[in-house]
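Undergrad: First the structure, which I've put down as structure tokens, then a few questions once you've had a look.
The values are calculated or read from the model by the stated rules, or taken from the named source; none is laboratory data. The structure presented is a predicted model; accordingly, all values stated were derived computationally and were not measured. FYI the Cβ positions are ideal-geometry reconstructions off the backbone, even for glycines, and counts take in every protein chain you see. These area figures cover heavy atoms from the full protein model, side chains too; ligands, DNA and RNA do not enter into them. Shrake-Rupley method; radii C 1.70, N 1.55, O 1.52, S 1.80 Å.
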Amino acid sequence: MKQALWFLCKPALAMLGTLAAVYGGLLVLTALFGYNSLFGTYLVGYGMVFYIIAAVCAAQATGSYCHLALGFGVTRRTLQRAVVLYCLALCGVTQIFNAAVGAVTQHLLLVWDKPQVMYLLSGQPLYGLGLMLLFCGAMLWGGTVDFSTASIPKRVLLIVGMILLYGQMAVFMLINQFLGDGIFRAYCAVLAVLGLGFTALAAHRLRHLAVNQT
């Protein structure tokens, strides 16, 4: 179980570490060229990159690494448990990275008079946890779908679903801006439940996962 979980987590941790290193480079470039430069703009919105990369890592986990894990002798039952824990760990660790980046940006640049959604995603990571769970859970499930053999209508539905998924970032911002705090918190809770539901579906589909030894 531990070996399977670590096998899934290593690529994601490498990606998150790379993102942190890129953030450090942006800090240096912003110091050289100023906050009003293009680098400063990237710095403020950097928290969104963590969400996108975490979703990509989730899709890779079930789309590639789970197949390899079966080839190494991991049982499907063990892999199912590992994927659920992987989703929770990925969301938690990503939010820690995100919060750390947000705290550094806020401390150095004091830019939270800029778009408030950046603050919610980085400065208060609990608000963005539901969104993160949705992204990772949905992409875990998406990684179990064989897009190459899917019918045309199914492919269209998958593409529309991905558009709606990433569109939740805009919905997240709009609800926060124009609706009450209670509605916003309820929306975040719904996103978390949906994300956990997608994670459960992904784990269920792993029961029929094929072995890949290449």
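Undergrad: Which one, Gly142, His204, Leu88, is farthest towards the positive end of the dipole of the chain when Lys and Arg carry +1 and Asp and Glu -1 on their Cβ?
TA: Checked the options; the winner is His204.
Undergrad: What is the packing order of peptides 37-43, 18-24, taking the mean over residues of other C-beta atoms within 10 Å and listing the highest first?
TA: With the highest mean Cβ count within 10 Å placed first, the list reads 37-43, 18-24.
Undergrad: With a 1.4 Å probe and all protein chains left in place, how much accessible area per residue does the chain have, in Å²?
TA: Details: 10980 Å² over 214 residues.
Roughly 51 Å² per residue, with all protein chains present.
Undergrad: Something else about it: Ranked highest first by average number of other Cβ atoms within 10 Å, how do 164-170, 180-186, 141-147 line up? The partial results should precede the final answer.
TA: On the way: 164-170: 14.1, 180-186: 11.9, 141-147: 17.7.
Packing proxy ranking, top to bottom: 141-147, 164-170, 180-186.
Undergrad: To continue, here is another question. To the nearest 20 debye, what charge dipole does the chain have about its Cα centre, counting +1 at the Cβ of each Lys and Arg and -1 at the Cβ of each Asp and Glu? Working shown, then result.
TA: Numbers: 11 positive and 3 negative charges, 149 e Å.
In total the dipole reaches around 720 debye.
Undergrad: Further question: How far apart, in nm, are the 7 Å Cα→Cβ label points at Ile183 and Thr41?
TA: Those two pseudo-labels are separated by 3.1 nm.
Undergrad: Out of these labelled values of Kirkwood radius over Cα pairs in Å, (i) 18.1; (ii) 25.0; (iii) 18.7, which was calculated from the coordinates shown here?
TA: Correct label is (i).
Undergrad: Another one. Provide the net charge surrounding Thr62, with neighbours chosen by a C-beta distance below 13 Å and charges set as Lys +1, Arg +1, Asp -1, Glu -1. Provide the component values of the computation, followed by the final result.
TA: Numbers: positive: Arg76, Arg205, Arg207; negative: Asp146.
Taking every Cβ under 13 Å from that of Thr62, the sum is +2.
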